[in-house]
1. Considering only segment 259-378, give the strands (runs of 3 or more DSSP E) lying wholly within it that have at least 1 residues that are touching a residue at least 60 places away in the same chain (Cβ under 8 Å).
2. Of the residues ALA305, ALA329, only one is of a type in the set (Gly, Ala, Ser), surrounded by fewer than 19 Cβ atoms within 10 Å (Cβ to Cβ) and within 24 Å of MET562 (Cβ to Cβ); which?
3. Quick check: is even one residue across segment 576-597 under 24 Å from LEU392 (Cα atoms) and either at pLDDT below 95 or out of contact with any strand residue (DSSP E or B) (no Cβ under 7 Å at 6 or more places or on another chain) (or both)?
4. Only one of SER515, SER501 is small (Gly, Ala, Ser), over 30 Å from GLU251 (Cβ atoms) and under 16 Å from the mean Cα position of the chain (by Cα); which?
5. Taking the criterion of being modelled with pLDDT under 95, in contact with a Lys or Arg (Cβ under 7 Å, 6 or more places away or on another chain), over 19 Å from LYS264 (Cα atoms) and assigned to a helix (DSSP H, G or I), would at least one residue in segment 524-538 satisfy it?
6. Against the definition (out of contact with any strand residue (DSSP E or B) (no Cβ under 7 Å at 6 or more places or on another chain) and open to solvent by 30 Å² or more (accessible area, probe 1.4 Å)), how does GLN563 come out, yes or no?
7. Being closer than 16 Å to LEU174 by Cβ and open to solvent by 30 Å² or more (accessible area, probe 1.4 Å) is true for just one of ASP260, ASP225. Which residue is that?
8. Would you please name the residue that is farthest from SER368 (Cα to Cα), looking only at residues in segment 446-467 that are under 28 Å from the mean Cα position of the chain (by Cα) and assigned to a loop (DSSP other than H, G, I, E, B)?
Amino acid sequence: MCGIVGIINLNKASKNSESLGNMTKAIKHRGPDDEGYALISDLITPFFGDDSITKDSKHINTSFRHPFKVGFGFRQLKIIDLSNNSHQPMTDVSSNYSIIFNGEIYNYKEIKKELMGLGHHFFSESDTEVIINSYKEWGKEALHKFNGMFAFAIYDGIKNEVFFARDRIGIKPLYFYKNKDHFVFGSNFQSIIQSKLYKTEINWEGLCQNFRFSTAQRPNTVFKDIVALEPAHHLTLNLNNNSIKKEKYWEIPTQTQNFDLTEKQSINLIEESLHNAVNYRLIADVEVGSYMSGGIDSSLISIIASKKLPNIKTLTLGFRNFSNFNEIAQAKDTAKLNNLNQIIHYTNVVENFKNIQRATLAYEEPYSNLSANLVLAKMASDNKTKVVLSGLGGDELFGGYDVYRKIPLWEKLKKHQKTIGMLPNIHEKIKKGKLISNCTTLGEYYSHYFTAFNDIEINNLFNNTTYNTISTLDDIYIKNNKFTDTFEAMSFLNLKSYIGSHQMRAIDTTTMAYSIEGRFPLLDHNFIEDSFRIPTKYKLKNNTQKYILKEISKKYISKKTMQMPKKGLGFPMKKWIEIELKGFVIDTLQQLKNRNIFNNKSIEKIVNSKNEVQIWQLVSTEIWLQNFIDY
């Protein structure tokens, strides 16, 4: 787990290693354990930095007169192979290839064994060396062999190109900025900004999507001219002519439901697949912990992990008040039942108020909520767990959200739109009065459930701009795919938009803010493929959401947890905004009004509505502007 940055000078070798050094400083939190550089022209020349473990080359500060075509910068959080042999940038034995890699390849030992059988030799125990040799042996096809989370760049001296790749779900980030002279990339936006080769500007379309979907939909971002490499894609920059080629190498496997599977077979398949996914994510040379709320997903993962690591720390977050948000009682019951080493932390408004600036710097985009992710990451750090497991993915794969349960209602309403007024008590059946009957596409239906603003509100708020986001999700994710049923399509869309664009960004940036590695067993691509093989009827059965996971959980989890209504890990934002944070919110919104970039009457309307999600979106936007655009 690390941070990577780079500068590629497109027209001629340039002496901008100072920019590369500044970029690398901006990702120090992602890798406090080691630092390294490679400047590449005709040869690959290594350099070290202030925090480098190996200092058998020259310091990067001596390179400012050293012209280069390709420059790599790297910060390492040591997880696998704690020796100096895992130092990056890593150059192969032929000195034709150099790699910087952020993430983990969990099945690297199996791949390494295969490569050794093909004649490859290794000098380290790292998964980084497995990637570079896999690329030498199989080229881009090596990506199909990797089980893990990753973003990496490989300089290929034989082909004179740079090869970039990102994992299937998008757990590890990778951003690019290109102009006529430079191709600049990094693990976060701040690194690109710190290069001084890019001047921050708002991407209004990206900010509009951020208001609608909690994040800009990738490859879009809130920064003008900075784009993300999409999940499950690789990109090649040809250094001979500066041409760029991007390709997708994997897709979520829709239309693969196996209707011959019985319920028992389905349960056995998912349970075995989950055990495999968890066990892979326990591979580390440092301590591994697990987040555990009172819910099924994180509890199940924590319990399975404890079978292999009996004293694994399970980290539970709660409140001393606000019972509507607390899952402490259920988590305690599960921990006691399974003899888990549980650690509980009680958070409050004071702790989270202190985190507001840090959270904005971590997220790098506005966010419509104060998230628990940063508090959880600090909790893991305080308890000396360098790796944490998360239960993210269960709701998306197995229908944990209310939107799945109401799919039959939406389909009925869509079919009978003309007679909608004749249906009895219809508004009582629709979530919070939202008229889902006029949602004609899956993207529109999804947006009614998972978004804070609609297009009318956004266009009233944004001065001199008009955007249509109602078809955004359909256009990006849905139109070129086919599905067995609407449940499957909703699961697909949740993995693409909510997980791939939003949650992965939120959790990666907050864990890395405390130099913690997050791992996600339920997002293992093999587990996802197995989940899509399971018939929908075993995911939502007799109106029971996540039925198959609940059946698996019965032998592990307390009845109190099984019967608990879904809460989610949230904060009492409405109360905090109206009482404890009231002065801060008023002052921050006044600063936003003073900019005159939004319609101030619309801001007042939002404040008067007391919609805490919309209010906090505006607050976080002002803080983001202060930290990134005013920079």
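1. Output list reads 288-291, 313-318.
2. It is ALA329.
3. No, every residue in segment 576-597 fails to be under 24 Å from LEU392 (Cα atoms) and either at pLDDT below 95 or out of contact with any strand residue (DSSP E or B) (no Cβ under 7 Å at 6 or more places or on another chain) (or both).
4. SER515
5. Within segment 524-538 (the criterion being modelled with pLDDT under 95, in contact with a Lys or Arg (Cβ under 7 Å, 6 or more places away or on another chain), over 19 Å from LYS264 (Cα atoms) and assigned to a helix (DSSP H, G or I)), the answer is no, since none of the residues qualifies.
6. Yes; evaluated as a whole, the condition is true for this residue.
7. ASP225
8. TYR467
The values are calculated or read from the model by the stated rules, or taken from the named source; none is laboratory data. These figures come from a predicted structure and were not determined experimentally. No Cβ is skipped: glycine too gets one built from the backbone with ideal geometry, and neighbour counts run over all protein chains shown. For accessibility, only protein heavy atoms count, side chains too; no ligands or nucleic acids. Shrake-Rupley method; radii C 1.70, N 1.55, O 1.52, S 1.80 Å.
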